[in-house]
Amino acid sequence: MSGIRVALVDDQALFRAGIRMLVESQPDLEFAGEAADGQAATALAARSRPHVMLMDVRMPVLDGIAATERILADADRDGREPPRIVVLTTFDLDENAARAIRAGASGFVLKDAEPEFLLAAIRTVHRGNAVIAATATRELFAHAGRGSGRRPAPSAWGQLTPREREIFALAARGLSNAEIAASEYLSEATVKTHVSRVLAKLGLRDRVQLVVFAYEHDLTA
(Lines give C-alpha, C1' and ligand atoms only; values in the text may rest on other atoms or scores of the structure.)
Protein backbone atom coordinates (compact mmCIF):
# COMPACT_ATOMS: atom_id res chain seq x y z
CA MET A 1 0.00 0.00 0.00
CA SER A 2 1.42 3.37 -1.02
CA GLY A 3 2.04 6.06 1.56
CA ILE A 4 0.53 9.51 2.00
CA ARG A 5 1.81 11.64 -0.88
CA VAL A 6 3.05 14.99 0.46
CA ALA A 7 3.99 18.01 -1.66
CA LEU A 8 5.69 21.16 -0.36
CA VAL A 9 5.39 24.76 -1.54
CA ASP A 10 7.78 27.32 -0.02
CA ASP A 11 10.16 29.89 -1.49
CA GLN A 12 13.01 29.06 0.92
CA ALA A 13 15.25 26.31 -0.44
CA LEU A 14 16.76 25.39 2.92
CA PHE A 15 13.34 25.07 4.51
CA ARG A 16 12.16 22.85 1.65
CA ALA A 17 15.23 20.64 2.04
CA GLY A 18 14.58 20.18 5.75
CA ILE A 19 10.91 19.33 5.30
CA ARG A 20 11.72 16.94 2.49
CA MET A 21 14.17 15.04 4.69
CA LEU A 22 11.57 14.90 7.47
CA VAL A 23 8.86 13.54 5.19
CA GLU A 24 11.16 11.00 3.53
CA SER A 25 12.21 9.68 6.96
CA GLN A 26 8.67 8.43 7.62
CA PRO A 27 7.67 4.98 6.34
CA ASP A 28 4.05 5.97 5.77
CA LEU A 29 4.80 9.21 3.88
CA GLU A 30 5.93 9.75 0.29
CA PHE A 31 7.46 13.01 -0.97
CA ALA A 32 5.49 14.05 -4.06
CA GLY A 33 7.49 17.09 -5.14
CA GLU A 34 8.14 20.72 -4.29
CA ALA A 35 7.57 24.18 -5.71
CA ALA A 36 8.94 27.64 -4.89
CA ASP A 37 5.86 29.73 -5.70
CA GLY A 38 2.11 29.42 -5.96
CA GLN A 39 1.96 29.28 -9.73
CA ALA A 40 4.37 26.35 -9.83
CA ALA A 41 2.31 24.77 -7.05
CA THR A 42 -0.79 24.60 -9.24
CA ALA A 43 1.14 22.69 -11.91
CA LEU A 44 2.66 20.43 -9.23
CA ALA A 45 -0.79 19.60 -7.82
CA ALA A 46 -2.12 18.63 -11.26
CA ARG A 47 0.98 16.63 -12.16
CA SER A 48 1.77 14.80 -8.92
CA ARG A 49 -1.72 14.45 -7.40
CA PRO A 50 -0.51 14.74 -3.79
CA HIS A 51 -2.80 13.78 -0.94
CA VAL A 52 -1.53 16.66 1.22
CA MET A 53 0.15 19.95 0.28
CA LEU A 54 2.11 22.07 2.74
CA MET A 55 1.64 25.63 1.50
CA ASP A 56 3.53 28.74 2.55
CA VAL A 57 1.40 31.89 2.56
CA ARG A 58 3.79 34.61 1.46
CA MET A 59 5.51 33.74 -1.83
CA PRO A 60 6.45 35.41 -5.14
CA VAL A 61 4.46 35.14 -8.41
CA LEU A 62 1.33 33.76 -6.72
CA ASP A 63 0.79 33.71 -2.96
CA GLY A 64 -0.38 30.68 -1.01
CA ILE A 65 -3.95 31.93 -0.62
CA ALA A 66 -4.50 32.42 -4.35
CA ALA A 67 -2.72 29.13 -5.05
CA THR A 68 -4.97 27.29 -2.61
CA GLU A 69 -8.09 28.67 -4.31
CA ARG A 70 -6.76 27.79 -7.77
CA ILE A 71 -5.67 24.26 -6.86
CA LEU A 72 -9.02 23.40 -5.29
CA ALA A 73 -10.95 24.98 -8.17
CA ASP A 74 -8.88 23.07 -10.74
CA ALA A 75 -9.50 19.78 -8.94
CA ASP A 76 -13.22 20.49 -8.79
CA ARG A 77 -13.34 21.38 -12.48
CA ASP A 78 -11.41 18.25 -13.48
CA GLY A 79 -13.48 16.00 -11.23
CA ARG A 80 -10.50 14.72 -9.23
CA GLU A 81 -9.94 14.43 -5.52
CA PRO A 82 -8.42 17.70 -4.27
CA PRO A 83 -5.37 17.67 -2.03
CA ARG A 84 -5.78 18.62 1.61
CA ILE A 85 -3.86 21.88 2.04
CA VAL A 86 -2.06 22.82 5.25
CA VAL A 87 -0.92 26.43 5.44
CA LEU A 88 2.55 27.13 6.80
CA THR A 89 2.46 30.39 8.71
CA THR A 90 4.15 32.53 11.34
CA PHE A 91 2.65 34.70 14.10
CA ASP A 92 2.83 37.83 11.97
CA LEU A 93 0.59 36.28 9.28
CA ASP A 94 -2.55 36.02 11.39
CA GLU A 95 -5.04 37.50 8.89
CA ASN A 96 -3.46 35.63 6.00
CA ALA A 97 -3.89 32.35 7.88
CA ALA A 98 -7.58 33.12 8.34
CA ARG A 99 -7.95 34.03 4.66
CA ALA A 100 -6.26 30.80 3.59
CA ILE A 101 -8.67 28.76 5.70
CA ARG A 102 -11.63 30.58 4.14
CA ALA A 103 -10.10 29.78 0.73
CA GLY A 104 -10.32 26.08 1.52
CA ALA A 105 -7.18 25.15 3.45
CA SER A 106 -7.62 22.39 6.03
CA GLY A 107 -5.77 24.27 8.75
CA PHE A 108 -2.43 25.78 9.56
CA VAL A 109 0.86 24.86 11.15
CA LEU A 110 3.34 27.36 12.54
CA LYS A 111 6.65 27.20 10.69
CA ASP A 112 8.55 26.81 13.94
CA ALA A 113 6.38 23.90 15.11
CA GLU A 114 7.99 20.73 16.38
CA PRO A 115 8.60 18.15 13.62
CA GLU A 116 6.31 15.70 15.39
CA PHE A 117 3.44 18.19 15.25
CA LEU A 118 3.90 18.77 11.51
CA LEU A 119 3.92 15.02 10.87
CA ALA A 120 0.80 14.60 12.98
CA ALA A 121 -0.87 17.43 11.04
CA ILE A 122 -0.16 15.71 7.72
CA ARG A 123 -1.70 12.46 8.94
CA THR A 124 -4.64 14.27 10.52
CA VAL A 125 -5.72 16.15 7.39
CA HIS A 126 -5.21 13.05 5.27
CA ARG A 127 -7.82 11.32 7.44
CA GLY A 128 -10.23 14.13 6.56
CA ASN A 129 -9.93 16.15 9.76
CA ALA A 130 -8.91 19.75 10.24
CA VAL A 131 -5.70 20.80 11.97
CA ILE A 132 -6.26 22.82 15.13
CA ALA A 133 -3.58 23.37 17.72
CA ALA A 134 -5.57 24.94 20.53
CA THR A 135 -2.86 27.19 21.98
CA ALA A 136 -1.48 28.21 18.61
CA THR A 137 -4.97 28.96 17.32
CA ARG A 138 -5.83 31.21 20.24
CA GLU A 139 -2.51 33.04 20.14
CA LEU A 140 -2.53 33.44 16.36
CA PHE A 141 -5.95 35.03 16.10
CA ALA A 142 -5.71 36.95 19.37
CA HIS A 143 -2.51 38.52 18.03
CA ALA A 144 -4.64 40.63 15.70
CA GLY A 145 -6.37 42.24 18.68
CA ARG A 146 -10.05 42.75 19.20
CA GLY A 147 -12.43 45.37 17.92
CA SER A 148 -10.74 46.00 14.56
CA GLY A 149 -13.16 45.42 11.73
CA ARG A 150 -15.16 42.69 13.45
CA ARG A 151 -18.37 41.90 11.62
CA PRO A 152 -21.74 41.43 13.36
CA ALA A 153 -22.87 37.82 13.67
CA PRO A 154 -24.99 36.71 10.68
CA SER A 155 -28.64 35.74 11.03
CA ALA A 156 -27.65 32.05 11.07
CA TRP A 157 -26.16 32.62 14.54
CA GLY A 158 -29.69 33.11 15.85
CA GLN A 159 -30.59 29.56 14.74
CA LEU A 160 -28.26 28.03 17.32
CA THR A 161 -29.82 26.75 20.52
CA PRO A 162 -28.34 27.90 23.86
CA ARG A 163 -26.65 24.50 24.21
CA GLU A 164 -25.18 24.73 20.71
CA ARG A 165 -23.80 28.16 21.51
CA GLU A 166 -22.10 26.73 24.58
CA ILE A 167 -20.53 23.97 22.50
CA PHE A 168 -19.56 26.54 19.86
CA ALA A 169 -17.74 28.64 22.46
CA LEU A 170 -15.75 25.67 23.74
CA ALA A 171 -14.86 24.48 20.23
CA ALA A 172 -13.78 28.03 19.32
CA ARG A 173 -11.29 27.89 22.19
CA GLY A 174 -9.74 24.86 20.50
CA LEU A 175 -11.08 22.18 22.86
CA SER A 176 -11.40 18.69 21.43
CA ASN A 177 -14.63 16.68 21.55
CA ALA A 178 -13.24 14.69 24.47
CA GLU A 179 -12.34 17.85 26.41
CA ILE A 180 -15.78 19.37 25.76
CA ALA A 181 -17.46 16.12 26.79
CA ALA A 182 -15.52 16.06 30.07
CA SER A 183 -16.23 19.69 30.92
CA GLU A 184 -19.94 19.49 30.06
CA TYR A 185 -20.59 15.97 31.38
CA LEU A 186 -21.68 14.74 27.95
CA SER A 187 -20.70 11.77 25.82
CA GLU A 188 -18.29 12.38 22.96
CA ALA A 189 -20.98 11.18 20.55
CA THR A 190 -23.35 13.87 21.83
CA VAL A 191 -20.68 16.54 21.49
CA LYS A 192 -19.90 15.39 17.96
CA THR A 193 -23.60 15.68 17.08
CA HIS A 194 -23.78 19.20 18.53
CA VAL A 195 -20.65 20.30 16.64
CA SER A 196 -22.00 18.86 13.37
CA ARG A 197 -25.26 20.76 13.82
CA VAL A 198 -23.41 23.98 14.60
CA LEU A 199 -21.26 23.64 11.48
CA ALA A 200 -24.30 22.89 9.32
CA LYS A 201 -26.34 25.83 10.65
CA LEU A 202 -23.47 28.29 10.20
CA GLY A 203 -22.44 26.94 6.81
CA LEU A 204 -18.93 26.07 7.99
CA ARG A 205 -16.80 23.25 6.60
CA ASP A 206 -14.89 22.22 9.72
CA ARG A 207 -13.66 23.24 13.17
CA VAL A 208 -10.89 25.42 11.74
CA GLN A 209 -13.48 27.55 9.97
CA LEU A 210 -15.45 27.61 13.21
CA VAL A 211 -12.48 29.19 15.00
CA VAL A 212 -12.06 31.78 12.23
CA PHE A 213 -15.79 32.54 12.34
CA ALA A 214 -15.64 33.06 16.10
CA TYR A 215 -12.81 35.55 15.91
CA GLU A 216 -14.17 37.37 12.88
CA HIS A 217 -17.48 37.97 14.64
CA ASP A 218 -16.01 38.51 18.12
CA LEU A 219 -17.74 35.46 19.56
CA THR A 220 -14.77 34.16 21.55
CA ALA A 221 -15.71 35.41 25.01
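The values are calculated or read from the model by the stated rules, or taken from the named source; none is laboratory data. In this text, all values refer to a predicted model and were calculated from it rather than measured experimentally. Using ideal geometry, Cβ is built from the backbone for each residue, glycine included, and neighbour counts are taken over all protein chains shown.
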Inset, instruction - Could you check, for segment 58-78, whether at least one of its residues is surrounded by 20 or more Cβ atoms within 10 Å (Cβ to Cβ), touching a strand residue (DSSP E or B) at 6+ places or on another chain (Cβ under 6 Å) and farther than 25 Å from Asp206 by Cα? - result: no
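A quick yes/no check of all residues on (1) at pLDDT 65 or above; (2) exposed (fewer than 13 other Cβ atoms within 10 Å of the Cβ); (3) not hydroxyl-bearing (Ser, Thr, Tyr):
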position: Ala133; (1), (2), (3): no, no, yes
position: Leu140; (1), (2), (3): no, no, yes
position: Gly147; (1), (2), (3): no, yes, yes
position: Leu160; (1), (2), (3): yes, no, yes
position: Leu170; (1), (2), (3): yes, no, yes
position: Gly174; (1), (2), (3): yes, no, yes
position: Ala181; (1), (2), (3): yes, no, yes
Inset, instruction - State which residue is surrounded by the most Cβ atoms within 10 Å (Cβ to Cβ) when the search covers only segment 1-56 and only residues that are in a strand (DSSP E or B) and without any contact (Cβ under 8 Å) to a residue 40 or more places away in the chain. - result: Ala35
Inset, instruction - Please indicate, with yes or no, whether at least one residue in segment 81-89 is at pLDDT 90 or above and polar (S, T, N, Q). - result: no
